[in-house]
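Down below is the structure, laid out as structure tokens.
The values are calculated or read from the model by the stated rules, or taken from the named source; none is laboratory data. These numbers come from a predicted model, not from an experiment. Reconstructed Cβ throughout: ideal geometry from the backbone, glycine too, with neighbour counts over all protein chains shown.
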Amino acid sequence: MLSFPIDLQKDDRGFLATSPDFPELTTFGDDRREALARSVSALQEAVAARMHGNRDVPVPSAGEVCVTLPTLTAVKVILYQGMREQKIGKAELARRLGWHLPQVDRVLDVEHHSRLDRMDMALSAIGIQLAVQVAETTT
């Protein structure tokens, strides 16, 4: 999973949430729990904006309080980062997969609910294998 640090600051109205990895991320909540919940959506929006703008998505830094991207979004980020590292454009990925460009756009769109088999195919086309691991969470 991709978990990014969130800084929480109490103010007069509740809690302000920012991220050292995404200076553009700012959200709030009446309490700590709400600020963290809103941070997940804000983080997804920041990631989507960077991907849409063809900008780097940072590797998560360390932090005491972190929020985790939804699994499908994390897989899309891994695909995007892999393409950037290998200098593979959308057209090249489409060629490797035998897809049309709109299909490639969808697997990179964090708002699109891509099927896991499509994500697996796209990752495989750039030499990345997705591995799934199960871990119990503590409450």
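Okay, here's what the table says:
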item	result
Qualifying residues in the stretch 1-37 (those that are surrounded by 17 or more Cβ atoms within 10 Å (Cβ to Cβ) and free of Cβ contacts under 8 Å to residues at least 24 places away in the same chain) - the one farthest from Pro70 (Cα to Cα)	Phe15
Any chance Arg38 is modelled with pLDDT of 95 or more and over 21 Å from Leu8 (Cα atoms)	no
Candidate set: the stretch 5-17, residues that are out of contact with any Leu (no Cβ under 6 Å at 6 or more places or on another chain) and outside any loop (DSSP other than H, G, I, E, B); chosen: the one nearest to Val132 (Cα to Cα)	Pro5
Condition check for Leu2: in contact with a strand residue (DSSP E or B) (Cβ under 8 Å, 6 or more places away or on another chain) and under 20 Å from Gln129 (Cα atoms)	yes
In the stretch 18-37, the residues that are under 21 Å from the mean Cα position of the chain (by Cα), outside any strand (DSSP E or B) and not basic (Lys, Arg)	Ser19, Pro20, Asp21, Phe22, Pro23, Glu24, Leu25, Glu34, Ala35, Leu36, Ala37
